[in-house]
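Undergrad: Would you mind keeping the following structure in view while I ask a few things?
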Amino acid sequence: MINHHETLAHLFLDGEEEKALEYVETLLIDHPQLYLFEDILTPAMYYIGELWEKNKITVADEHLATGICDFIISKLETNLSEGVNSSNKQPKVMLFGVEEEQHYIGLKMAANTFRAEGWKVRYLGPNLRLEHSLSQLHKFKPDVIGISAALSYRLSTLKNIIHELAHLDWRPKLLIGGRMAKSYGLSDLESNQVIVIRDLKHLEEWLQEGVESIYNETS
Amino acid sequence: MKRVEQSLPLPFYVIDKNYNIVGYSNEAEEELGLANNFLQLLDEESHEKFQKMVRPETIKVTVEINFKKSGGEFQLADLHVLWDSDLHAKVLVHLKGNQLQKVTESLAKLRSRLNESNLQLLEEKEKLEEAVKQNNLLSAPFIELNEETALIPLFGNLTEEKLFAVEDHIVRSAQKEGIDRVFFDFTAVGELKREGITVLNNVISSLFLMGVKVKIIGVKPQQARELKEMPLPSELNFMSTLQEAIQKYCTN
């Protein structure tokens, strides 16, 4: 069996963005986007992390690979927005990474997952100061706010942010994702309003089931 | 632990096989600090890698590793390790944080600027879509000519999008008591799209069901040829000009 994620990881590391794109587009002929994100791109990035652990590549190589992966996801995003028609009742989501959070590939994949489901998406990127996101939030008034956090020493930052956002007057739902959600569970943060999302599959499930509650509350 | 005699212009440590620091250079103390065990100087996420790569069996190795820095940050370095024996290794540290960090930071800045422009473009696109929607809504005004008759002049290309936008408004307006005849004026219509005509067909069917008669006015020859190929109710009436229609239905 061909290890798609390893093949792709090496294209990333070699800086072969065109070949990587071709490879991904071929995969997308037979597979849904979620499969690409969850079963190929995510494992490819983990595999790249392992190569660093094994002393096979440097951090600079990792940065290049991340850049190419970013390019691929952005490219898919433009393909996507052309196909989706904008009806009146599009739910809205805003996504960002907490301050000092530099990991953004997962967040970007989450943004595309929302887009594929027909949501109106504002992706603000990683490492965002709360004041900045707040001003954007007030302007856009999303039904859902997606926050990504990866490193454990930002747990306190995350708690503060959740506290602050939970009190916004239109009561948006808060989705917490990122590696922190995966490895620490964070279940004590959960409530009616706050949902911890383990991975993209979980997000997709939530998008299929949880959206009704948003329509019911906002309509 | 002793300060090594010959001072090197780089951070330099001597460690034992349990990674305890047994010697260090001035630069090591100044730039990276001291601890009993070398692992204490490293970022936690680098511990496993260090332990795997740095062992007496591998006599000489270069490893990229993150050192802890105050405030939760870390700095990247190449470690050049040479084991003298099974017991002791020399570790030369080459910090490369500055160069890479600068590039990384500029890239992150560029990325966030691109993202901002992306957001602005998205906002403009949404404004534009809103304008098109407004434009669509205005493309089929419902004009009451008298108590029984209304005129709907259609404007521009008849797309599915446009007819979806006006569908509701037309049917609602026709619900008004007394309206029993509607003229669709095609004089200002450009292209006909099959999907658009399908929606128009639905609108006309709804009007029929409400007991409203429908007349299509001002169809151009080219459009007439096209309309023949498209799904329209057979009981639909056509008239050539608005003037004719008004004369017939609106003058007592």
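The values are calculated or read from the model by the stated rules, or taken from the named source; none is laboratory data. Every value quoted in this text rests on a predicted model; they were computed, and no experiment measured them. Glycine also receives a Cβ, built like all others from the backbone with ideal geometry; neighbour counts cover every protein chain displayed.
Undergrad: Considering the stretch B:46-61 alone, what residues qualify as being within 8 Å of another protein chain (Cβ to nearest Cβ) and either β-branched (Val, Ile, Thr) or assigned to a strand (DSSP E or B) (or both)? Break it down stepwise before answering.
TA: From the stretch B:46-61, those within 8 Å of another protein chain (Cβ to nearest Cβ) are B:48-49, B:52-53, B:61; that's our starting set.
Across the stretch B:46-61, the qualifying residue is only B:Val61.
Undergrad: B:Gln99 fails exactly one of the following numbered conditions: (1) without any contact (Cβ under 8 Å) to a residue 12 or more places away in the chain; (2) within 12 Å of chain A (Cβ to nearest Cβ); (3) touching a strand residue (DSSP E or B) at 6+ places or on another chain (Cβ under 8 Å); (4) exposed (fewer than 15 other Cβ atoms within 10 Å of the Cβ). What is the number of that condition?
TA: Failed condition: (3).
Undergrad: Within the stretch A:89-105, can you find the residues that are in a strand (DSSP E or B) and within 13 Å of A:Met180 (Cα to Cα)? Before you say what the answer is, go through the steps one by one.
TA: Here is the first cut: in the stretch A:89-105, the residues in a strand (DSSP E or B) are A:92-98.
Passing the criteria: A:Gly97, A:Val98.
Undergrad: Does B:Leu128 qualify as being modelled with pLDDT of 90 or more, more than 26 Å from B:Pro231 (Cβ to Cβ) and part of a helix (DSSP H, G or I)?
TA: Values: modelled with pLDDT of 90 or more: yes; more than 26 Å from B:Pro231 (Cβ to Cβ): yes; part of a helix (DSSP H, G or I): yes.
Yes; evaluated as a whole, the condition is true for this residue.
Undergrad: Looking only at residues in the stretch A:113-142 that are in contact (Cβ under 8 Å) with a residue 60 or more places away in the chain and out of contact with any strand residue (DSSP E or B) (no Cβ under 6 Å at 6 or more places or on another chain), which one is surrounded by the fewest Cβ atoms within 10 Å (Cβ to Cβ)?
TA: Top of the filtered list is A:Glu117.
Undergrad: Right, something else. Which ones in the stretch A:93-112 are charged (D, E, K, R) and in contact (Cβ under 8 Å) with a residue 40 or more places away in the chain? Full working, then the answer.
TA: At the first step, the residues of the stretch A:93-112 found to be charged (D, E, K, R) are A:99-101, A:108.
Hits for the stretch A:93-112 are A:Glu99, A:Glu100, A:Glu101.
Undergrad: Specify which of the listed residues (B:Ser117, B:Ser85) is surrounded by fewer than 16 Cβ atoms within 10 Å (Cβ to Cβ) and assigned by TED's automatic domain parsing to the domain that holds B:Pro56. Talk me through it step by step, then tell me what you get.
TA: Working: B:Ser117 fails: assigned by TED's automatic domain parsing to the domain that holds B:Pro56.
On inspection, the qualifying residue turns out to be B:Ser85.
Undergrad: Quickly run through the stretch B:225-252 and pick out the residues that are modelled with pLDDT of 85 or more, exposed (fewer than 14 other Cβ atoms within 10 Å of the Cβ) and in a helix (DSSP H, G or I).
TA: Within the stretch B:225-252, B:Arg225, B:Gln243, B:Glu244, B:Gln247, B:Lys248 qualify.
Undergrad: Next up: Is it true that some residue in the stretch B:109-124 is within 12 Å of chain A (Cβ to nearest Cβ), in a strand (DSSP E or B) and over 20 Å from B:Glu27 (Cβ atoms)?
TA: No.
Undergrad: Are there helices (runs of 4 or more DSSP H) fully within the stretch A:1-71 with at least 2 residues that are closer than 22 Å to B:Arg111 by Cβ and within 14 Å of chain B (Cβ to nearest Cβ)? List them. Spell out how you get there, then give the answer.
TA: Values: elements: A:4-13, A:17-30, A:42-53.
So the answer is A:42-53.
Undergrad: Moving on. With respect to the numbered conditions (1) closer than 21 Å to B:Leu10 by Cβ; (2) at pLDDT below 90; (3) in a helix (DSSP H, G or I); (4) more than 33 Å from the chain's Cα centre (by Cα), which one is the sole condition not fulfilled by B:Gln75?
TA: Of the numbered conditions (1) closer than 21 Å to B:Leu10 by Cβ; (2) at pLDDT below 90; (3) in a helix (DSSP H, G or I); (4) more than 33 Å from the chain's Cα centre (by Cα), the odd one out for B:Gln75 is (3).
Undergrad: Something else now. Do you know which residues across the stretch A:116-134 are away from every other protein chain (no Cβ under 11 Å) and closer than 24 Å to A:Lys201 by Cβ? Walk me through it before giving the result.
TA: Of all residues in the stretch A:116-134, those away from every other protein chain (no Cβ under 11 Å) come to A:116-119, A:129-131, A:133-134.
Across the stretch A:116-134, the qualifying residues are A:Ala116, A:Glu117, A:Gly118, A:Trp119.
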